[in-house]
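Input: a single structure, listed below in structure tokens.
The values are calculated or read from the model by the stated rules, or taken from the named source; none is laboratory data. Predicted, not measured: the structure shown is a model, and the values here were computed from it. Glycine also receives a Cβ, built like all others from the backbone with ideal geometry; neighbour counts cover every protein chain displayed. Note: areas computed on protein heavy atoms with side chains; ligands, DNA, RNA excluded. Shrake-Rupley method; radii C 1.70, N 1.55, O 1.52, S 1.80 Å.
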Amino acid sequence: LGTRISDSPLARKKIVVTAGPTRENIDGVRFLSNYSSGKMGYAVACAAARRGARVSLVSGPVQLETPVGVERIDVTTALDMDQTVRRLSGDCDIFIGAAAVADYRPTHPVAGKIKKHAETMQLELVRNPDILAGFAQQRQPHQLAIGFALETDGNHDLAMQKLRAKQLDLIAYNTFDGHSSGFEVDTNRLTLISRDGTQTPLPLLSKRDAANRLLDAIEHLITGN
Ligand code: CTP
Ligand code: CA
């Protein structure tokens, strides 16, 4: 293991990883969120630390142990996560967005508890900042931006569009079939798509193995082969 760490192009690189869901407050006792377990982002953070990287893991609320050698910063909302990423990522070498960031938050969260009244109620939502796209937009040329894309309809073009729209170096595309791949499970079937359009479909793997294959691809981006 010692030789592997010093051999890796990721050794001593500063990597910021986001993981888990965010929670968006409706009122003092309720929130909007999603089923992200955080397992994929934690696996990436763990595998990167094992290769000798200096890893900051910006984590939404999850039920997972902090990986050995990883600095973990807990956040709750997308706005928290955005601020924390901005603070930590200025001098990073690689940003990996694995969080399931809530796309919207309630426009007017209420301090107390909303009382029930009529049979229906409206909840107005406003877009959250795109944390990954924000990083990619204002990064230095040497900084790499890596994303994930969860699609429910198995369409690779959508992942490719996200890579282009957010100006990423690599995107790991994940088909959500509700079973073996996606949220809350220990396995993932990823396809890695790079800027030049190269697609590398991976077999169904444990999240740990999938994380290592993603890091192999990032090492190739760094070394240029
Ligand atoms: N992401 C982010 N900040 C957001 C939304 C998404 O950093 N506010 C990141 C995710 O961490 C992921 C990538 O962007 O790495 C793609 O997220 P995804 O939800 O698949 O795509 P969206 O761009 O949000 O588009 P949509 O949900 O409409 O498919
Ligand atoms: Ca989204």
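Against the list (1) within 20 Å of ALA145 (Cβ to Cβ); (2) within 16 Å of ligand 2 (Cβ to nearest atom), the condition ARG105 fails is (1).
What pairs can you find where one residue is in region 91-110 and under 25 Å from ASN25 (Cα atoms) and open to solvent by 40 Å² or more (accessible area, probe 1.4 Å), the other is among the basic types (Lys, Arg) and within 16 Å of ligand 2 (Cβ to nearest atom), and their Cβ atoms are less than 8 Å apart, with a gap of 6+ or different chains? Close Cβ pairs (under 8 Å, with a partner that is among the basic types (Lys, Arg) and within 16 Å of ligand 2 (Cβ to nearest atom)) amount to ASP103/ARG127; TYR104/ARG127.
Which one of the conditions (1) loosely packed, with under 14 Cβ neighbours inside 10 Å; (2) more than 16 Å from LEU57 (Cβ to Cβ); (3) within 16 Å of ligand 1 (Cβ to nearest atom) does LEU79 fail to meet, given that it meets all the rest? Unmet condition: (1). Of the residues making up region 89-102, those that are within 11 Å of ligand 2 (Cβ to nearest atom) and closer than 18 Å to ILE171 by Cβ are GLY97, ALA99, ALA100, VAL101. A residue that is under 25 Å from TYR173 (Cα atoms), within 16 Å of ligand 1 (Cβ to nearest atom) and touching a Ser or Thr at 6+ places or on another chain (Cβ under 7 Å) cannot be found anywhere in region 107-129. In region 135-164, the qualifying residues are those that are without any contact (Cβ under 8 Å) to a residue 60 or more places away in the chain, open to solvent by less than 80 Å² (accessible area, probe 1.4 Å) and within 14 Å of ligand 2 (Cβ to nearest atom), and the one that is nearest to VAL17 (Cα to Cα) is GLY147.
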